[in-house]
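The values are calculated or read from the model by the stated rules, or taken from the named source; none is laboratory data. Worth saying up front: this structure is predicted, and the values here are computed from it rather than measured. Note that each Cβ is placed from the backbone with ideal geometry, even for glycine, and that neighbours are counted across all protein chains shown.
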Amino acid sequence: MYGEVGVFGMGLLGGSVALGLRERFLARTVHAFDLDASALEAALAMGAADVVHSSLGPWVSGLDLGILAVPVRALESLARSLAPHARPGSRWLDIGSVKGPVVAALEPLLPGFVGTHPMAGRETPGMQNAYAGLLQSAVWVVTPTERTAPADLEAVAGLITALGAFPVTLDAARHDRLVARVSHVPWVLATALNLWIADDPDRERLLFLAAGGFRDLTRVASGSPAMSRDMVLENRTEVRAALVDLAAVVRRLADALDDPQALLSAAEDAKRTRDALPIVRRSMLPRVFDVVVAIPDRPMELATLLGVLGRAGLNVRDVEVLKIRETGGEAIRLGFSDAETQDAARAALAEAGYRSR
């Protein structure tokens, strides 16, 4: 799709985008820029870049596409440094988690600029944790303005699709309001819960008693503190508004502690909303028909299992290790494109002696 592409910022997202570009042959040459030498070394070692740079210069003018993947608060400064080198006709996009102020600042500086935000991530930051699959089937928000050229918007949507994600167009202001509620406030809450435990005189016992629910609820606090701080600060107006709304809900729940029926009703509403999350997600993704297979814990067993399916002419779309036990084998989830292939896979596996559901 492009000749020369530059990825500026080789962290988790920037590195994953670069790996996606390389693995899917979407660029002739991928240039990686970062001030951290270890990030550049990892980019080369992991095959995320063809060329690495620790400073800006004439090489920038040769880019057909530039992808800005630095922390949100550094985007405008980087764009101002890039602007003198960006040639007319090139395209630029950012992947920051805040769009309103970023788009307003960067659009006048860079040619063909389009603001974007891939809704993907994990709690372990850094280039060393990047992988192209992070973007697979992710919702990737695009926030064009009245100044965005249709050709630039089409090109960005095409790139996102080619990387395996789903482009979704939103107004920048609406993006920031929605993301404050589903991404930024959850980080604030996870941080608050951990601080609440840390300040308790029974901290050690509380940590020992913390079960999976607490760990799941506070997982996002394990991400990069600086990057999380920056995204919240840049979206502070919407985050404050969301926290006010949330405080009202918490007060309502506190009042319901004296009303069993009201608390049950709230819990049922919450369960319906939570249980609907996979339905919303899957409605945007191709349906996958799963088969879970029990396999012995021994060398080459997964290769043997996949060989059974390959000899039957059956294509596996997804593979996941669901459970690893100390003894007794593993459970593997296999995803297929349709029910017919799913049934054929179960039959082939049963004939080979595998148990599945």
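Out of L314, L322, I need the residue that is modelled with pLDDT of 90 or more and not small (G, A, S). Which one? Step through it out loud before you land on a result.
Values: L322 fails: modelled with pLDDT of 90 or more.
Selected residue: L314, the only one of L314, L322 that is modelled with pLDDT of 90 or more and not small (G, A, S).
Quick check on L63: is it in contact with a His (Cβ under 8 Å, 6 or more places away or on another chain) and modelled with pLDDT of 95 or more?
Values: in contact with a His (Cβ under 8 Å, 6 or more places away or on another chain): yes; modelled with pLDDT of 95 or more: yes.
Yes.
Take the residues in segment 271-302 that are surrounded by 12 or more Cβ atoms within 10 Å (Cβ to Cβ) and closer than 30 Å to W187 by Cβ, then tell me which one is modelled with the lowest pLDDT.
Among them, the one singled out is R282.
What are the residues in segment 23-38 that are closer than 11 Å to G9 by Cα and assigned to a loop (DSSP other than H, G, I, E, B), if any?
Going through segment 23-38, the residues closer than 11 Å to G9 by Cα turn out to be 31-36.
Once the filter is applied, which keeps residues that are closer than 11 Å to G9 by Cα and assigned to a loop (DSSP other than H, G, I, E, B), segment 23-38 yields D34, L35, D36.
Looking for something in contact with a Lys or Arg (Cβ under 8 Å, 6 or more places away or on another chain) and part of a strand (DSSP E or B) - is there at least one such residue anywhere in segment 39-53?
No: zero hits.
Checking the structure you have, find out if any residue of segment 9-18 is surrounded by fewer than 18 Cβ atoms within 10 Å (Cβ to Cβ) and touching a residue at least 24 places away in the same chain (Cβ under 8 Å). So that I can check it myself, show each step before the final result.
Of segment 9-18, the ones surrounded by fewer than 18 Cβ atoms within 10 Å (Cβ to Cβ) are none.
The answer is no; no qualifying residue exists.
If you go through segment 168-180 one residue at a time, do you hit one that is under 19 Å from L21 (Cα atoms) and either without any contact (Cβ under 8 Å) to a residue 60 or more places away in the chain or outside any helix (DSSP H, G or I) (or both)?
no
Kindly indicate which of G20, G6 is in contact with a strand residue (DSSP E or B) (Cβ under 6 Å, 6 or more places away or on another chain) and outside any loop (DSSP other than H, G, I, E, B). Break it down stepwise before answering.
Details: G20 fails: in contact with a strand residue (DSSP E or B) (Cβ under 6 Å, 6 or more places away or on another chain).
Testing whether each residue is in contact with a strand residue (DSSP E or B) (Cβ under 6 Å, 6 or more places away or on another chain) and outside any loop (DSSP other than H, G, I, E, B) leaves just G6.
Looking at segment 89-103, can you tell me whether even one residue there is more than 30 Å from R177 (Cβ to Cβ), touching a Phe, Trp or Tyr at 6+ places or on another chain (Cβ under 6 Å) and either modelled with pLDDT under 95 or in a strand (DSSP E or B) (or both)?
Going through segment 89-103, the residues more than 30 Å from R177 (Cβ to Cβ) turn out to be 89-90.
Within this subset, residues satisfying the condition of being touching a Phe, Trp or Tyr at 6+ places or on another chain (Cβ under 6 Å) are none.
For segment 89-103, residues more than 30 Å from R177 (Cβ to Cβ), touching a Phe, Trp or Tyr at 6+ places or on another chain (Cβ under 6 Å) and either modelled with pLDDT under 95 or in a strand (DSSP E or B) (or both): absent.
Right, T145: more than 17 Å from the chain's Cα centre (by Cα) and either assigned by TED's automatic domain parsing to the domain that holds P88 or at negative phi (or both) or not?
yes
Looking at (1) within 20 Å of the chain's Cα centre (by Cα); (2) in the same structural domain as K99 (by TED's automatic domain parsing); (3) assigned to a helix (DSSP H, G or I); (4) touching a residue at least 40 places away in the same chain (Cβ under 8 Å), can you tell me which one G164 breaks?
(3)
Out of contact with any helix residue (DSSP H, G or I) (no Cβ under 7 Å at 6 or more places or on another chain), under 25 Å from A105 (Cβ atoms), modelled with pLDDT of 95 or more and of a type in the set (G, A, S): is that true of S77 in this structure? Don't jump to the end; show me each part of the working.
On the way: out of contact with any helix residue (DSSP H, G or I) (no Cβ under 7 Å at 6 or more places or on another chain): yes; under 25 Å from A105 (Cβ atoms): yes; modelled with pLDDT of 95 or more: yes; of a type in the set (G, A, S): yes.
It is true that S77 is out of contact with any helix residue (DSSP H, G or I) (no Cβ under 7 Å at 6 or more places or on another chain), under 25 Å from A105 (Cβ atoms), modelled with pLDDT of 95 or more and of a type in the set (G, A, S).
Assigned by TED's automatic domain parsing to the domain that holds G9, over 29 Å from N235 (Cα atoms) and either out of contact with any Ser or Thr (no Cβ under 6 Å at 6 or more places or on another chain) or modelled with pLDDT under 95 (or both): which single residue out of P58, P71, P84 fits that description?
Working: P71 fails: over 29 Å from N235 (Cα atoms); P84 fails: over 29 Å from N235 (Cα atoms).
P58 is the lone residue from the list that is assigned by TED's automatic domain parsing to the domain that holds G9, over 29 Å from N235 (Cα atoms) and either out of contact with any Ser or Thr (no Cβ under 6 Å at 6 or more places or on another chain) or modelled with pLDDT under 95 (or both).
Would you confirm, using the coordinates I've provided, whether G15 is modelled with pLDDT of 95 or more, of a type outside the set (A, V, I, L, M), out of contact with any Asp or Glu (no Cβ under 8 Å at 6 or more places or on another chain) and part of a helix (DSSP H, G or I)?
Values: modelled with pLDDT of 95 or more: yes; of a type outside the set (A, V, I, L, M): yes; out of contact with any Asp or Glu (no Cβ under 8 Å at 6 or more places or on another chain): yes; part of a helix (DSSP H, G or I): yes.
Judged against the criteria, G15 is a match.
Suppose we filter D230, D216 for residues that are surrounded by 12 or more Cβ atoms within 10 Å (Cβ to Cβ), of a type in the set (D, E), closer than 20 Å to G121 by Cβ and modelled with pLDDT under 95; which single one remains? Give the derivation first.
Details: D216 fails: surrounded by 12 or more Cβ atoms within 10 Å (Cβ to Cβ).
That would be D230, the only listed residue that is surrounded by 12 or more Cβ atoms within 10 Å (Cβ to Cβ), of a type in the set (D, E), closer than 20 Å to G121 by Cβ and modelled with pLDDT under 95.
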